[in-house]
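The values are calculated or read from the model by the stated rules, or taken from the named source; none is laboratory data. Quick caveat, the model's predicted, so the values are computed rather than measured. Here the Cβ positions follow ideal geometry from the backbone for every residue, glycine too, while neighbour counts run over all protein chains shown. To get the accessible areas, we keep the full protein, side chains included, count just its heavy atoms, and leave off ligands, DNA and RNA. Shrake-Rupley method; radii C 1.70, N 1.55, O 1.52, S 1.80 Å.
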Amino acid sequence: MIFMKRTLILSVAAIMFAACCSQPKFDGPVYLNPNAPVEERVEDALARMTLEEKVGMTHAQSKFSSRGVPRLGIPEVWHTDGPHGIRPEVLWDEWEQAGWTNDSCTAFPALVNLAATWDKEMALLFGRSIGEEARYRKKNILLGPGVNICRTPLNGRNFEYMGEDPYLSGAMVVPYVKGVQENGVAACVKHYAVNNQEFQRTQSNSVVDDRTLHEIYLPAFKAAVQEGGAWSIMGSYNLYNGQYNCHNKKLLMDILKGDWGFDGVVVSDWGGCRDSEEAIMNGLDIEMGTWTEGMQFGATDGYNLYHMADPYLKGIREGKYTTKELDDKVRRILRLIFRTSMRPGHNYGRFVCPEHYQAARDISAAGVVLLKNEENVLPLAVEEGARILVVGENAIKKMLVGGGSSSLKTAYEVTPLEGLQNAFAGKAEVVWARGYVGDTTTSFDNVDTGQDLTDDRSPEVLIAEAADMAKNADYVIFVGGLNKSGYQDCEGTDRLDTDLPYNQQDVIEALAAVSDKLVVVNISGSPVSMPWADKADAIVQGWYGGTESGNALADVLTGKVNPSGRLPFSVPFKYSDGPIQTLRQYPGIQEEGSEFWQTHYDEGVYVGYRWYEANDIPVQWAFGHGLSYTSFEYSNAKAAKASMKADGTLKVTVDVKNTGDCDGAEVVQLYIADPVASIDRPSKELKGFEKVYLKAGETAKVTFEIDAADLSFYDVAKGGWTAEPGEFQALIASSSADVRATVPFELK
Ligand code: BGC
């Protein structure tokens, strides 16, 4: 007995000794103790701060930073764009790059490219990798990802977002956010909310009904906050309900911080804060980029003029405001700092490394979408000595500079032409013709690609040259589409129509007339009409693929990677087929005497495929469409039970077999249909997807778990979600237009 007691005492002592060795006693203040709980650190730091120090944290101190508490050793908060790579350092008060020589980053693919992978693992890899780059560059807040819905194909920023469907965007944003934040870097999900056009972006009021808001425009933000645990969110430039979104009471106080329980930081978009009172009272935490008079011209110290700077201090001193709101804002900012730069086990990230280049290449290739492949013209079957003609400006144009705030200065960029030349080096001759002259801009904010794209030849001459060269080519690969200049895929402006710009259609037609192996690669971040589609033998939807863009594209064209990307948006035959039917809807109407534009979301929840299906309008390429070099067969689709209860779940399974002779991946999609409902509902809605990689001949069972949330609509009368009992259908599909099995079930 005595022996046992002694052993026990000794073991307890050993444990205590080990514990105190692994965690030495911390003598300093609680807020500096990395092992203290975050909330205790927050309260301790807050209690030590002066009023001036608190107000100092709620607004910018430079273009991309906001203040810490120097006296207490609490570091500044460094923000960075986002969302595809880490923006080059800029001058303290300017957008212009600072000219550092160690800030050329890895460019990851545009978010629309990520969405097109339909692969959550890829989203995690993306988040982790870009998070590491942000950490290495000592940033606490990464300004991204963007999850605004592609409401109109004309929106200049569609390339920075994840397509037209709220479920797809939500499913992809969650792992991205988690991956970034694993690195001690806050993701800043943007642009919250109903910010779906660039036209008059700071003057446009989105008029959206509650159901549409909750069913289409908020779910991805909600998922980012509640499932991804996002530590920050960016308010958008536009207004909603007649109030600017950076201090919109309903969006920020009622929904985000109220209903969703968001405990992070609301950052304004740059210059999106307009009013002290609203910013203070309605939930803005950090005001960034405000163009006060001093700031506009790059003068220093304009920051004290910010809405949440001197006016805030003055208001508190005069008793207009208490410190209640201020303390809440500062708590959130401190919490973010303790989660990032002052977190325990602070790490250092990594930058421009082979692993990141490989990640960029893999993600980009996994999102390339094979739209059409007549007579299996792809993958390129190139014999020794073959001649491949590549035509088009986008084959050589470096695309990472441009597009607005997501513009990057990169370590390198492989163009499509270089990618193909790399792939066929020593095997085939790869030659190039210009075909058309598009936009020859090569710089943004003082970052220049170093290319000279000028070419004074006329369209006729360029077309004749390309067509002539095409006659002697085994394959012709036209690489065109949009670019990152104004009125294309670019922040600040929208496109004017959905056609291919710069007479590219003429080039395609001229090539089609002389080639029987014409592959058209459309590089864009938004849907492009393809009235010429019949003339091409194969059509590939490529994207702004980042540093490794050209290699990734070549991987797919050569068959090194079997295409498995799927469209994250519908491609209509023409713009007028789409949900935007009136000027009220887009670009909105400017009322007489008002500076504001009213943009009415009259189409309601009928966005993207929901619209085309409800109105029986055929599309050129359906949402979720994408071909492979192999084929897949679906069988045995069934539900585990015939019915489910509102508080239960239902498993639906399907067997998917790779029936071709090469390995490949299939994106198995689950849509839910509610054929009889008390309100008008879309004919079906995406509620699940799985990307399965299968060896030739291999079969896998794919399982989806359905719960009441998947069956619900937003009930305006109740102000919440409702799943009505009755019949439902689980549609197992390979695209929104290709349903392979219908599994009925009942909600009891
Ligand atoms: C953009 C944001 C961006 C910010 C900082 C704004 O113009 O809308 O997306 O993060 O600038 O560059």
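Summary table
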item: Among the listed pairs Lys178/Lys324; Lys471/Lys535; Lys427/Lys560, those beyond 25 Å (Cα-Cα); result: Lys178/Lys324
item: Accessible surface, segment 587-729, averaged per residue in Å² (probe 1.4 Å); result: 45 Å²
item: Leading residue at positive end of dipole, the chain (Cβ point charges), from Gln451, His356, Gly545; result: His356
item: Amide proton proximity set for Ala665, modelled H, under 5 Å, gap of 5+; result: Leu694
item: Where labels lie 7 Å past Cα in the beta-carbon direction, separation of Ala464 and Val514 in nm; result: 1.1 nm
item: Reachable aspartates and glutamates from Lys138, criterion Cα separation under 17 angstrom, eight or more residues apart if same chain; result: Glu76, Asp81, Glu89, Asp103, Glu182
item: Segment 309-404 - accessible surface per residue (Å², probe 1.4 Å); result: 39 Å²
item: Net charge of Cβ neighbours under 9 Å - reference Arg387; Lys, Arg +1; Asp, Glu -1; result: -2
item: GluC sites (Glu not before Pro) within segment 152-249, DSSP loop, no more than 15 other Cβ atoms inside 10 Å; result: Glu182, Glu227
item: ³J(HN,Hα) computed for each position of segment 337-352 - Karplus, 6.51 cos²θ - 1.76 cosθ + 1.60, integer Hz, glycine/proline x; result: 5, 6, 7, 10, 5, 10, 7, x, x, 3, 10, 10, x, 7, 9, 5
item: Computed E for Asp534/Glu39 - FRET, C-beta separation, R0 60 angstrom, nearest 0.05; result: 0.45
item: Low-density loop positions, GluC sites (Glu not before Pro), segment 535-596 - DSSP coil, at most 13 other Cβ in 10 Å; result: Glu591, Glu592, Glu595
item: Across Lys120/Lys691; Lys63/Lys250; Lys222/Lys687; Lys657/Lys687; Lys63/Lys397, pairs whose alpha-carbon gap is larger than 19 Å; result: Lys63/Lys250; Lys657/Lys687; Lys63/Lys397
item: Sparse-neighbourhood loop sites, chymotrypsin sites (Phe, Trp or Tyr not before Pro) in segment 24-70 - DSSP loop, at most 13 other Cβ within 10 angstrom; result: Phe26
item: Label-point separation in nm, Leu453 to Lys560, each point 7 Å along Cα→Cβ; result: 2.5 nm
item: Heavy-atom accessible area ranking, 1.4 Å probe, most first, across Asp516, Asp103, Asp499, Asp439; result: Asp516, Asp499, Asp439, Asp103
item: Segment 228-288 - accessible surface per residue (Å², probe 1.4 Å); result: 24 Å²
item: Reach of Lys641 by Cα under 16 Å, taken over lysines that are not fewer than 8 positions away in the same chain; result: Lys651, Lys748
item: Point-charge dipole on Cβ atoms (K/R +1, D/E -1) for segment 322-364, about Cα centre, debye to 20; result: 160 debye
item: Environment charge of Glu603, counting only residues whose C-beta is closer than 10 Å and scoring Lys/Arg +1, Asp/Glu -1; result: +1
item: Global geometry of segment 671-748, whether rounded, prolate or oblate, following the gyration tensor of its Cα atoms and the 1.5 cut on a/c; result: prolate
item: Estimated vicinal HN-Hα couplings, Hz - segment 161-173 in sequence order (Karplus 6.51, -1.76, 1.60; Gly, Pro = x); result: 10, 10, x, 9, 10, x, 5, 4, 4, x, 5, 7, 6
item: Rounded percent of accessible protein surface that carbon and sulfur make up, the chain, 1.4 Å probe; result: 52 percent
item: For the chain, share of DSSP beta bridges that run antiparallel, in % to the nearest 5; result: 55 percent
item: Options Thr441, Leu154, Ala733, ranked by Cα towards positive dipole end of the chain, top entry (Cβ charges); result: Ala733
